[in-house]
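The values are calculated or read from the model by the stated rules, or taken from the named source; none is laboratory data. The model shown is predicted, which means the values in this text are computed figures rather than measured ones. Neighbour counts are summed over all protein chains in view; Cβ atoms, including those assigned to glycine, are modelled from backbone coordinates with ideal geometry. Keep in mind that these areas ignore ligands, DNA and RNA; they rest on the heavy atoms of the full protein, side chains included. Shrake-Rupley method; radii C 1.70, N 1.55, O 1.52, S 1.80 Å.
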There are 2 protein chains.
Amino acid sequence: MTQDVHFFSRLTIEQVEEGHELAPKFDEHGLIACVTTSASTGEVLMLGYMNAEALKKTILTGEAHYWSRSRQMLWHKGATSGLVQKVKELRIDDDQDAIWLRVDIPGDASCHVGYRSCFYRSIPTGDEGAAGELHFEEQAKAFDPKKIYGDAPNPTKL
Amino acid sequence: MTQDVHFFSRLTIEQVEEGHELAPKFDEHGLIACVTTSASTGEVLMLGYMNAEALKKTILTGEAHYWSRSRQMLWHKGATSGLVQKVKELRIDDDQDAIWLRVDIPGDASCHVGYRSCFYRSIPTGDEGAAGELHFEEQAKAFDPKKIYGDAPNPTKL
């Protein structure tokens with residue numbers, strides 16, 4: 001990547017909230033949270049994190065890049081699985097500490113467990129939620145993760 | 001709150017990813033990320049954080065509660081503004097370290113700056129994005145934040 005993306009310094013609240021200058025705030029680990037939705041269905045697919053390099057690569061290439069916290073490396077989503085996320089729109093929030101990507105993906109499936117969305121389970125609200133029992137909202141996997149990911153280590157940490 | 005919500009211990013990856021047991025993972029600050037979308041429009045409204053108490057209150061009351069990192073206190077969203085978020089659906093992700101709320105809010109507006117969504121600005125992708133210039137995607141504020149929030153301190157931190 002020869003080209004860079006300019007990040008402005010954060011000087012005033014008015015600049016950050018009401019201005020036209022990209023001045024992202026990274027946390028103490030150098031990361032910014034990113035929610036990714038399907039541009040076609042609107043469904044929330046995943047919640048990931050980006051470091052400065054991942055955000056810049058996402059902006060310049062139009063393909064979603066994240067920082068993998070479990071593998072501690074830059075992560076071009078889809079490089080292994082083929083499920084590359086093409087960015088239709090990239091938004092940033094009021095205080096510029098969160099990103100929203102609207103993406104197109106083959107099959108609208110993105111979860112490493114094999115479901116469309118990483119959020120395939122729900123928790124009931126009210127008294128019914130007290131037992132801590134999850135309900136499955138996707139009835140079947142969208143793909144076979146073993147075929148897509150092979151022997152790649154599972155990113156989930158206990 | 002006399003009632004409690006049961007959180008299971010995280011024992012195996014299969015339990016966490018494929019099971020029916022709510023076993024949320026909180027980070028080193030005791031927080032879990034939460035993306036909140038409008039149940040009617042599908043728009044991403046905000047990205048917030050919950051501690052264990054906020055998650056339990058959200059489950060039991062069906063109204064969104066967060067942990068305010070800027071004010072370091074439990075935050076019943078809408079207690080000041082009246083823009084309470086009624087939870088239509090509460091989901092959790094594969095490794096149980098992120099929450100997705102689909103909510104109903106009066107006017108579908110939730111941002112403290114006065115816009116519908118906190119994500120009211122976009123960043124163009126490709127060469128055009130290199131300058132770090134933001135584009136406004138909402139043309140006008142949905143409400144006057146001074147009228148709704150009065151003299152409450154601005155939560156944005158530089």
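Miscellaneous remarks
- Averaged per residue, the stretch A:30-87 has 33 square angstrom of accessible surface, using a 1.4 angstrom probe with ligands and nucleic acids left out.
- Inter-centroid distance (Cα atoms) of the stretch B:99-158 relative to the stretch A:72-124, Å: 21
- Dipole in debye (nearest 20) - the stretch B:38-158, about Cα centre, beta carbon charges: Lys, Arg +1; Asp, Glu -1: 660
- Computed over the stretch A:33-158, the alpha-carbon pair-distance distribution with 10 angstrom bins reads 12, 41, 34, 13, 1, each value a whole percent.
- In the stretch A:38-53, burial by the other protein chains removes 50 Å² or more of 1.4 Å probe accessible surface, compared with the chain on its own, from A:V44, A:L47.
- Based on C-alpha pairs under 8 angstrom that are at least 6 apart in sequence, chain A has a relative contact order of 19 percent.
- Under a Gaussian network description of chain A, with springs only between Cα atoms under 10 Å, the residue in A:Q15, A:Q139, A:Q85 that fluctuates furthest is A:Q139.
- Straight-distance crosslink candidates among lysines, where the alpha carbon sits under 20 Å from B:K86 and sequence neighbours closer than 8 are dropped: B:K56, B:K57, B:K77
- Only Cα pairs under 8 Å and 6+ residues apart enter the sum, and on that basis the relative contact order of the stretch B:57-111 stands at 26 percent.
- In degrees, nearest ten, helix A:52-61 long axis to first principal axis of chain A (Cα): 90
- Placing a label point 7 Å from the Cα of B:R71 along the Cα-to-Cβ direction, the distances to the matching points in the other copies come to 4.1 nm, shortest first.
- Two-site label geometry, A:D151 and A:K25: point separation in nm, points 7 Å out along Cα→Cβ: 4.5
- Restricting the stretch B:53-158 to GluC sites (Glu not before Pro) in coil, as DSSP defines it, with at most 14 other Cβ within 10 Å: B:E137
- Considering only trypsin sites (Lys or Arg not before Pro) in DSSP loops that have at most 13 other Cβ atoms within 10 Å, the longest stretch of chain B without any of them is B:72-156.
- By the helix-only formula, in which each DSSP H run with n ≥ 4 contributes -39500 (n - 2.57) and the sum is divided by residues, chain A has a 222 nm mean residue ellipticity of -3500 deg cm²/dmol.
- Between chain B and chain A, the total buried accessible area stands at approximately 6100 Å², from heavy atoms with a 1.4 Å probe.
- Here the protein assembly as shown was treated as a single set of alpha-carbon atoms; its pair distances binned every 10 Å from 0 give 6, 28, 36, 24, 7, 0 percent.
- Between copies, the label points at B:A152 (set 7 angstrom from Cα along Cα-to-Cβ) are spaced 4.2 nm, reported in nanometres from shortest to longest.
- Within the protein assembly as shown: Cβ-based charge dipole about Cα centre, in debye rounded to nearest 20 (Lys, Arg +1; Asp, Glu -1): 80
- Carbon + sulfur, % of accessible area of the stretch A:1-147 - ligands and nucleic acids excluded, 1.4 Å: 48
- Ascending list, in nanometres, of distances separating the A:H20 label from those of the other copies (7 Å, Cα toward Cβ): 5.6
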